[in-house]
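For reference, the structure discussed in these notes is given below.
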Amino acid sequence: MAELNELLNIKEASKWASGYLGRNVTTSNISYLIQYGRVKKIGNNGSTQVLKSDLIKYYESCKGKKETWKDQLGNDLNWALSFNEYKESETTKHVHRLHPYKGKFIPQLVEYFLDDHTDQFKKEVYFKKGDIILDPFSGSGTTMVQSCELGMHAIGIDISTFNSLIGNCKVASYNHSDIHIETNRITRELKDFLINSCAIEFEEKLLHTLYDFNNIHFPVPEYKYRVKQGKINEDKYGKEKEEEFLTIFNKLANEYGIGLLQSKTSSFLDKWYSQHIKDEIQFVFEQIKKIKN
């Protein structure tokens, strides 16, 4: 019992968990568990600790869920396709991190089916270098990117214009020197455009106010841990605090003369973005048009 109540700092927890699970568990993995309320944080900054018993409870619950599914579905499924051994930085490598697209699958899954390896489940190689891969629902372009990496050609189709833009940005060829020059130019122009605007001051004040508000009402990781333990009704509490902060937000918007009511709602920008943000977007768009001309 005394051993279960043993306190471990993050480095010690990483080493212990690696031995317990038989795989590498980094300090970042432990910090993630604390940050998202999977285990309780004990101590203050600089001396953060966790209980070994909390780690055991968490890892056993995860193991139990996986084993339950295995019992129900059997070994006919390729469980390796869960790719749970990969870190987030590996599943969002290079261009896959350009935009936080919510519906994408990880590049390792695409690689599995496109590359030239075989295993117990993948008995044949279906694609080779030089082939043309068609993805009729291409989303953020993961299949196109991985096809290019493997020496294949790719065509992506998506009903969403925005999705097509993301995918094209990821696979197009660029002159990096020109991009650097034009990005710096547009950044300078935008700073000059905003120099007489109160928008930047408003946004900075809003961020500081929101930061203070969240520290009081949603302290991390204590808040998430209490939600996990059922001590806070997240929906009810979140609604109450949303209404409370709305009053603060409206007061700030009035103070800085930020227009919130839209004169029209005919487009996505009109419906979801306030006027000062639309002005900035329009300005940048005009600068980009200069490049094309």
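Any read-out appearing in this document is the output of simple, stated calculations on the displayed coordinates, not a laboratory observation. These numbers were taken from a predicted model, which means no experiment stands behind them. Glycine also receives a Cβ, built like all others from the backbone with ideal geometry; neighbour counts cover every protein chain displayed.
The table for this structure:
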item	result
Span from the the stretch 19-33 Cα centroid across to the the stretch 84-151 one, whole angstrom	26 Å
Residue order, fewest to most beta carbons within 10 Å, for H217, H117	H117, H217
Length-normalised contact order for the stretch 89-171 - Cα pairs under 8 Å, 6+ apart - percent	26 percent
Relative contact order for the chain, counting Cα pairs under 8 Å that sit 6 or more residues apart, in percent	14 percent
Packing rank of 90-96, 127-133, 34-40, where each peptide gets the mean count of other beta carbons within 10 Å, highest leading	34-40, 90-96, 127-133
DSSP bridge pairs, the chain: antiparallel proportion in percent, nearest 5	50 percent
Environment charge of F202, counting only residues whose C-beta is closer than 14 Å and scoring Lys/Arg +1, Asp/Glu -1	-4
Whole-Hz couplings from phi, Karplus 6.51/-1.76/1.60, listed for the stretch 91-100; x for Gly and Pro	7, 10, 4, 5, 5, 5, 8, 4, 9, x
Sorted by Cβ density within 10 Å, fewest first, the residues S53, S61	S61, S53
Sum of -39500 (n - 2.57) over DSSP H runs of 4+, divided by residues of the chain (222 nm, nearest 500)	-17500 deg cm²/dmol
Gaussian network model of the chain, springs between alpha carbon atoms under 10 Å - residue of I186, I30, I42 with greatest fluctuation	I186
